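See below for the structure under consideration.
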Amino acid sequence: MTNQITATIEFSFKGETHRPSAELELDQLMQQHGTIPPLHSMLATLHNIGSYSYEYEMLEAEDVKFSNAKGEALNFFNNNQFDLAEFEQDWHEKNILTQLGLIVKQNLNIDDIQQHPKLKNVIIAAYQLGQKTN
């Protein structure tokens with residue numbers, strides 16, 4: 001199942017209420033950018049709101065509200081709020097474990113690294129050390 005969530009910003013401009021909204025494919029955004037891009041500018045772009053306009057300033061002044069969480073995104077969704085930082089961290093950890101799991105399977109013939117927590121911890125520590133030195 002893919003990770004999805006709907007992001008909406010409600011704001012008033014010229015006496016009218018506007019609700020730019022988009023259903024976000026979180027896995028796709030994470031793969032493309034390594035993070036969830038700034039949502040205010042994303043929604044503005046999708047709804048043809050110029051970044052140098054007063055309308056954009058009004059949009060930017062409001063919080064993003066979330067709804068319709070699907071997949072693992074549900075674990076980070078509560079009361080129309082979505083913990084982007086926690087989702088991103090979890091996504092990166094799972095992505096790393098998937099990649100490392102393939103290496104473990106090829107070299108040690110272990111199908112599920114989760115069944116070997118000590119090995120998993122050593123491999124993650126080695127990976128993190130390698131990241132620090134790069």
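The values are calculated or read from the model by the stated rules, or taken from the named source; none is laboratory data. All values reported here derive from a predicted model rather than from experimental measurement. We place every Cβ from the backbone using ideal geometry, glycine too, and count neighbours over all the protein chains shown. For the accessible areas, the whole protein counts, side chains as well, though only heavy atoms, and no ligand, DNA or RNA atoms are used. Shrake-Rupley method; radii C 1.70, N 1.55, O 1.52, S 1.80 Å.
Using a probe of 1.4 angstrom and keeping all protein chains present, the accessible surface of segment 61-112 works out to 68 square angstrom per residue. Shape analysis of segment 63-118 places it in the prolate category; the axes a ≥ b ≥ c from the Cα gyration tensor give an a/c of at least 1.5, with a/b above b/c.
Amide H contacts under 5 Å for Val64: none, restricted to partners 5 or more places along the chain or on a different chain, H placed in the peptide plane at 1.01 Å from N. Taking all protein chains together and a 1.4 Å probe, the residues His18, His92 rank His92, His18 from largest to smallest accessible area. In a simple Cβ point-charge model (Lys, Arg +1; Asp, Glu -1; nothing else charged), the chain has a dipole of about 580 debye relative to its Cα centre.
Using a basic spin-label model with each label point 7 Å from the Cα along Cα→Cβ, how many nm lie between Asn121 and Asp83? Here the modelled spin labels are 2.2 nm apart.
Of the trypsin sites (Lys or Arg not before Pro) found in segment 1-92, those in coil by DSSP whose Cβ has at most 12 other Cβ atoms within 10 Å are Lys14.
Taking 27 Å as the cut-off for C-alpha to C-alpha distance, list the pairs among Lys70/Lys118; Lys65/Lys120; Lys14/Lys65; Lys70/Lys94 that go past it. In this structure, Lys70/Lys118; Lys65/Lys120 lie more than 27 Å apart at Cα. Placing Val122, Val64 in order of accessible area, with the largest value first and a 1.4 Å probe, yields Val122, Val64. With R₀ set to 22 Å, the beta-carbon distance separating Thr17 from Lys70 gives a calculated FRET efficiency near 0.25. Just to confirm the number: angle between the C-alpha axis of helix 117-133 and the first principal axis of the chain, 0 to 90 degrees, nearest 10? It works out to around 60 degrees. If I take every Cα pair under 8 Å that is 6 or more residues apart in segment 1-93, average their sequence separation and divide by the length, what percent do I get for the relative contact order? Relative contact order here is 34 percent.
Here, the chain is characterised by an Rg to Rh ratio of 1.12, where Rg is the alpha-carbon radius of gyration and Rh the Kirkwood radius.
Comparing Ala61, Phe76, Gln131 along the charge dipole axis of the chain, the residue lying farthest to the positive side is Gln131, per the Cβ-charge model. For the chain, what % of the accessible area comes from carbon and sulfur atoms, probe 1.4 Å? Whole-percent figure for carbon plus sulfur exposure: 49.
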